[in-house]
Amino acid sequence: MVRHPVTGELLWFNQAHLFHVSALDDATRSALVQICGEDALPRHACFGDGSPIEPDMLACIRDAYTRCSRSFPWRRGDALLIDNLAVAHGRSPFRGERRVLVAMGDRRVVRDAS
């Protein structure tokens, strides 16, 4: 959890659900564990004290993201501006041509909420 530097709102700012080994498909996960071992995976997440995060906890988080997600049809000339702390964003599969341009704003120091 972090506090938003402008609004002061307490926010969930974490990507454990993406980096945890349970986010990988079965074949990739199995191969990585076999090659690297459980303790040396190149992509994994655990609690701050090093203890494992149970896959069912992450499934719950993924479900919350799915339930809260919004999608809309893009039209030529559309632009999207997001606050990367306040809004999670994803990349859905698509077909067709697109041009993605990214601009980053001022860097802000984000402090742990504790």
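The values are calculated or read from the model by the stated rules, or taken from the named source; none is laboratory data. Note that the structure is a prediction, hence the values are computed from the model and not measured. Positions of Cβ are backbone-derived with ideal geometry, glycine not excepted, and every protein chain shown enters the neighbour counts.
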Sole exception among (1) outside any helix (DSSP H, G or I); (2) out of contact with any Phe, Trp or Tyr (no Cβ under 9 Å at 6 or more places or on another chain); (3) of a type in the set (A, V, I, L, M) for Leu80, by number: (2)
For Ser69: the one exception among (1) under 30 Å from Arg99 (Cβ atoms); (2) at pLDDT 90 or above; (3) out of contact with any helix residue (DSSP H, G or I) (no Cβ under 9 Å at 6 or more places or on another chain); (4) surrounded by 10 or more Cβ atoms within 10 Å (Cβ to Cβ): (2)
Considering residues of the stretch 24-66 that are in contact with a His (Cβ under 9 Å, 6 or more places away or on another chain) and charged (D, E, K, R) only, the residue modelled with the lowest pLDDT: Arg43
Selection count, the stretch 28-45, where residues are surrounded by 13 or more Cβ atoms within 10 Å (Cβ to Cβ) and within 20 Å of the chain's Cα centre (by Cα): 5
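Have a look at Pro42, Pro5 and point out the one that is touching a residue at least 40 places away in the same chain (Cβ under 8 Å), in a loop (DSSP other than H, G, I, E, B), of a type outside the set (A, V, I, L, M, F, W, C) and closer than 30 Å to Ala103 by Cα.
Values: Pro42 fails: touching a residue at least 40 places away in the same chain (Cβ under 8 Å).
Of the residues listed, the single one that is touching a residue at least 40 places away in the same chain (Cβ under 8 Å), in a loop (DSSP other than H, G, I, E, B), of a type outside the set (A, V, I, L, M, F, W, C) and closer than 30 Å to Ala103 by Cα is Pro5.
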Per-region count, the stretch 8-27, residues part of a helix (DSSP H, G or I), within 17 Å of the chain's Cα centre (by Cα) and not β-branched (Val, Ile, Thr): 6
So Val109, is it over 17 Å from Leu11 (Cα atoms) and at pLDDT below 85: no
Tally, over the stretch 72-86, of residues that are within 23 Å of Gly8 (Cα to Cα) and surrounded by 10 or more Cβ atoms within 10 Å (Cβ to Cβ): 4
Whichever residue in the stretch 48-66 is surrounded by fewer than 10 Cβ atoms within 10 Å (Cβ to Cβ) and small (Gly, Ala, Ser) and, among such residues, is nearest to Met104 (Cα to Cα): Gly48
Sole residue being of a type in the set (Phe, Trp, Tyr) and in contact with a strand residue (DSSP E or B) (Cβ under 8 Å, 6 or more places away or on another chain), chosen from Phe19, Phe13, Phe94, Phe47: Phe13
Among the candidates Ala88, Ala59, Ala103, residue that is of a type in the set (A, V, I, L, M), assigned to a helix (DSSP H, G or I) and under 30 Å from His4 (Cβ atoms): Ala59
